[in-house]
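Nothing in this text is a laboratory measurement; each read-out follows from the coordinates by a stated rule. Since this is a predicted model, take the numbers as computed values, not measurements. In this analysis, Cβ positions are derived from the backbone assuming ideal geometry, glycine residues included, and neighbour counts consider all displayed protein chains.
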């Protein structure tokens, strides 16, 4: 149904005259008459009759009027839903307990007036495709993986270098260590059943293992973080990597330890990715907030995989 014709029909019903409706719509009376004629032809019924007093609705016109109003209201809602600044800013954070989700929560506290829609996509390819297609406004990812490049029109900016901590149970040999070096992890069994092949975090830990020698064990199944921590707590040989920025809670009797890793400190490099032609004002506010509040590592040397040091595009 032609919404311009529907709008003309509702205007005439409200005004009671073709001439006044034309003035309200900033159209000529002839243009309004043509729209009504086209609408009546499409529907196959007469909607209005001219009288000495103006225009009156036929029975069919009276039946159509509430539906016509609903159509125009739906049009207004549809336009408002996609108008920049009106719809919620949609951001992918990978996981709701991930450090990047904390960055978005901090942004929301600083800018509560900007509505947010937080989603959790799985791998980088899916997330980048969602940004490219416009189904999300931004995503947090580690870029770029070996052999990968960002599509044209997508930019990335580093927003967080997340230091790793070694998570061990009370009987592990490093349970009472003030810190450990990556070299001390050579031969240690690091259990990470969530490291799915082909993901950016799997690529990260593969190079970490190649560089420093820990054994990254991905044997599953992956029953989630709670089951992982239950197992680590009861093991004298298993460890895993976590971040102090990841909000996790475990039973007190687990007595888990988060041991700093330093000299150098392995950091997971998070970047914000977005489409350069995305006009949403909330996206600019998010980017500015992340850059202004980006944590700075001031103590000691850090380690990143070689592919994270290269520019996002060759």
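Based on a Kirkwood Rh over C-alpha pairs, give the Stokes-Einstein translational diffusion coefficient of the chain at 20 °C and viscosity 1.002 mPa s in µm²/s.
Details: Rh = 23.8 Å.
Rounded to a whole number, D works out at 90 µm²/s.
Which shape class, rounded, prolate or oblate, goes with region 165-260 when its Cα gyration tensor gives a ≥ b ≥ c as root eigenvalues, a/c under 1.5 marks rounded, and past that a/b bigger than b/c marks prolate?
Taking the square roots of the gyration eigenvalues as a ≥ b ≥ c, region 165-260 is oblate.
For every helix of n ≥ 4 consecutive DSSP H residues, a contribution of -39,500 (n - 2.57) applies; sum these over the chain, divide by its total residues, and give [θ] at 222 nm rounded to the nearest 500 deg cm²/dmol. Don't skip to the answer; put the middle values down first.
Working: 10 runs with 120 residues, N = 314.
-12000 deg cm²/dmol, from helical runs alone.
Can you compute the modelled spin-label distance between residue 63 and residue 1, with each label point 7 Å from Cα toward Cβ, in nm?
With each label point 7 Å from Cα toward Cβ, the separation is 1.3 nm.
Looking only at the chain, where both bridge partners belong to it, what percent of the DSSP beta bridges are antiparallel (to the nearest 5)?
Close to 65 percent.
Between the helical axis of 29-43 and the dominant principal axis of the chain, each derived from Cα atoms, what acute angle in degrees is found, rounded to the nearest 10?
The helix 29-43 is inclined about 70 degrees to the chain.
Using only Cα atoms, tell me the angle between helix 99-110 and the longest principal axis of the chain; keep it within 0 to 90° and round to the nearest 10.
50 degrees
Using just the Cα positions, wrap region 190-308 in a convex hull and report its mean projected area in square nanometres, one decimal place.
10.0 nm²
Label points 7 Å out from Cα along the Cβ direction at residue 206 and residue 235: separation in nm?
If labels sit at residue 206 and residue 235, their model points lie 2.2 nm apart.
Shape of region 1-55 from its Cα gyration tensor (a ≥ b ≥ c, root eigenvalues): rounded if a/c is under 1.5, otherwise prolate when a/b > b/c, or oblate?
Note, shape of region 1-55 comes out oblate.
Where in region 176-194 does the amide nitrogen come within less than 20 Å of the point 7 Å from the Cα of residue 244, taken along Cα to Cβ?
Counting only backbone N, you get 176-185.
Which FRET efficiency, nearest 0.05, do residue 219 and residue 79 yield, Cβ-Cβ r, R0 51 Å? Numbers along the way, then the final one.
Working: r = 52 Å, r/R0 = 1.02.
Between residue 219 and residue 79 the formula returns 0.45.
Evaluate the relative contact order of region 1-139 (contact order divided by residue number), counting alpha-carbon pairs under 8 angstrom at least 6 apart; express in whole percent. Intermediate values should be presented prior to the final figure.
Numbers: 142 pairs, mean separation 25.6, N = 139.
Result for region 1-139 is 18 percent.
For helix 124-133, report the angle its Cα long axis makes with the longest principal axis of the Cα atoms of the chain; keep it between 0 and 90° and round to the nearest 10°.
Between the helix axis and the principal axis of the chain, the angle is about 20 degrees.
What are the semi-axes of the equivalent ellipsoid of region 62-105, taken as the square roots of 5 times the eigenvalues of the Cα gyration tensor, listed largest first and rounded to whole Å?
Semi-axis lengths for region 62-105 are 40, 10, 6 Å.
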